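Encoded as structure tokens, the structure appears first; notes follow it.
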Amino acid sequence: MKKLLSLIFALCATVAVFAFAGCNNEGGTGGDEKTLPEIQDGYSISYVFTVKGDKLNITDTTSVYDYMQALSNEGLLTFEGNNGDYGFYITSVLGIKENTQSTANGYKGNAWSLYTTITEIDGVHYSSSYTAFDYNGITLYQASYGVSGVPCVEGETYALVYEYSAFTW
């Protein structure tokens, strides 16, 4: 399952229409379960936040996971996940759980992905330009790591996106 999740987030070809609900780029406040639209194949919901130091003391070792924990501690975000080969992967946000199915030679379904404005820091590529979208005039790229493997940088924007994808090998 860990390898399947790694494939989902690192290699998938994504087909999605993004429907943002209850998002705020002012330090991490987001929607609650009551504001989320009905989930259907091909549609995504997202929790978007721009990092501010008032939620957590940001250091060189702070990860997105650490920031999400701070949001959770303030009652602004609920999430669940698992540790995988590339860090902590989100399996549920605001009570919305991933729903993927294995096929004979791949998988399909809805899963959570992290998108970020960070592409590279100190020679490390944290996201891929292969899968990206524009949100309020900024481009967000699909992260190549789980939320514990992506640095939390003040002023950068991150999005937790629930999206439909299918992959065949």
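Things to note:
- Ranked by the mean number of other Cβ atoms within 10 Å per residue, highest first, peptides 102-115, 50-63, 155-168 order as 155-168, 102-115, 50-63.
- Here residue 69 and residue 104 are evaluated by their C-beta separation; at R0 = 35 Å the FRET efficiency comes out at 0.35.
- 1.4 Å probe accessible area per residue over the range 118-162, in Å²: 46
- Distance between the 7 Å Cα→Cβ label points at residue 169 and residue 154: 4.2 nm.
- Chain lengthening between residue 125 and residue 82 when straightened (0.36 nm per residue, less Cα-Cα): 13.3 nm
The values are calculated or read from the model by the stated rules, or taken from the named source; none is laboratory data. From a predicted model like this one, the values you see are computed outputs, not experimental measurements. Every residue, glycine among them, receives a Cβ derived from its backbone with ideal geometry; neighbour counts consider all protein chains shown. The protein model used for the area step is the full one, side chains on, heavy atoms only, and it has no ligands, DNA or RNA in it. Shrake-Rupley method; radii C 1.70, N 1.55, O 1.52, S 1.80 Å.
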